[in-house]
1. Taking Cα centroids, how far is the range 165-217 from the range 46-73 in Å?
2. On a full-extension model of 0.36 nm per residue, what is the gain between Thr157 and Ser116, subtracting their alpha-carbon distance, rounded to one decimal in nm?
3. Full-extension gain between Ala63 and Lys92, please, as 0.36 nm times their residue separation minus the C-alpha to C-alpha distance.
4. Expressed as an acute angle from 0 to 90° and rounded to the nearest 10, what is the orientation of the C-alpha long axis of helix 174-184 relative to the principal long axis of the chain?
5. Given the options Lys160, Lys75, Lys176, state which has the largest fluctuation in a GNM of the chain using a 10 Å cut-off (strictly under) for Cα springs.
6. Please determine, in degrees from 0 to 90 and to the nearest 10, the orientation of helix 47-56 with respect to the longest principal axis defined by the Cα atoms of the chain, where the helix direction is its Cα long axis.
7. Give me Phe99, Phe73 ranked fewest to most by other Cβ atoms within 10 Å of their Cβ, as a rough exposure proxy.
8. Please compute the length gained on full extension between Asp35 and Ala81, using 0.36 nm multiplied by the number of residues separating them and subtracting their Cα-Cα distance.
Amino acid sequence: MQNKEKLNRLQEDNMTLGERLEIILPLLDERYGTDLHTYLEFNAQKPWQLLFSTILSAQCTDARVNLVTKDLFVKYPDLEAFARADLEEMEKDIHSIGFYHNKAKNLIGAARKLLSDYGGVLPSSVEDLTSLPGVGRKTANVVRGNVFGLPSIVVDTHVKRVSKCLGLTDQTDPVKVEYDLMEVLPEDHWILINLQGIALGREICKAPRPKCDGCFLHKGCRKWRLDHANG
Ligand code: SF4
């Protein structure tokens, strides 16, 4: 929280960011819990399987991913099997998942790079993870948080939207939102903010019309305070 300019920008409702967080974080913990085990529900036994499930999950439901990986991880039980897989056959194996052509290419490419550059062991740094085909910052942070337990912030559409409503960021670019949140949130809420932000975004703070009336966070929410100050 060293960035004074940023703090000033985020204070136009006359509440400091610290005051806002003191209200918001305990309420989020109370309502949505702090159990990280509920964070991901992929059928992944091995770290690389969690990475591959996450790659497959772009624009697709976790349930669909689990349905496909149930057979996929039996047919291709290790990285070597993925690395030598036939692209067309892999495309057929995952065809019920959107963007299957790119995803099949990325799975095979990621398996090959993991074997050639990392000795078959999943790396933990954002730089190394994002060097793998099909792995952006969001996927890298999912893996860092869930495989390695490293503090990391996953910014999806819900986290991006609710963070802006609450007044934790003014950015819309996910990477900039991630950096803002890393600056303002205590580390013990880096992984949690994704879990809690998704729950809040699905239940109450919905797009395009958040259900602000009666929202349990309204006292600390910048949007609520600005809407009511103006109205
Ligand atoms: S008060 Fe409205 S904008 Fe603020 S968190 Fe609740 S639902 Fe979202």
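1. 25
2. The span from Thr157 to Ser116 would gain 11.4 nm if fully extended.
3. Length gained, Ala63 through Lys92: 8.6 nm.
4. Taking the Cα atoms of the chain, the angle to 174-184 is about 50 degrees.
5. Lys75
6. The helix 47-56 is inclined about 80 degrees to the chain.
7. Phe99, Phe73
8. Extra length available between Asp35 and Ala81 comes to 13.1 nm.
Values quoted throughout were computed directly from the atomic coordinates according to the rules given, and no laboratory measurement underlies them. No experiment lies behind these values; they were computed from the predicted model shown. Using ideal geometry, Cβ is built from the backbone for each residue, glycine included, and neighbour counts are taken over all protein chains shown.
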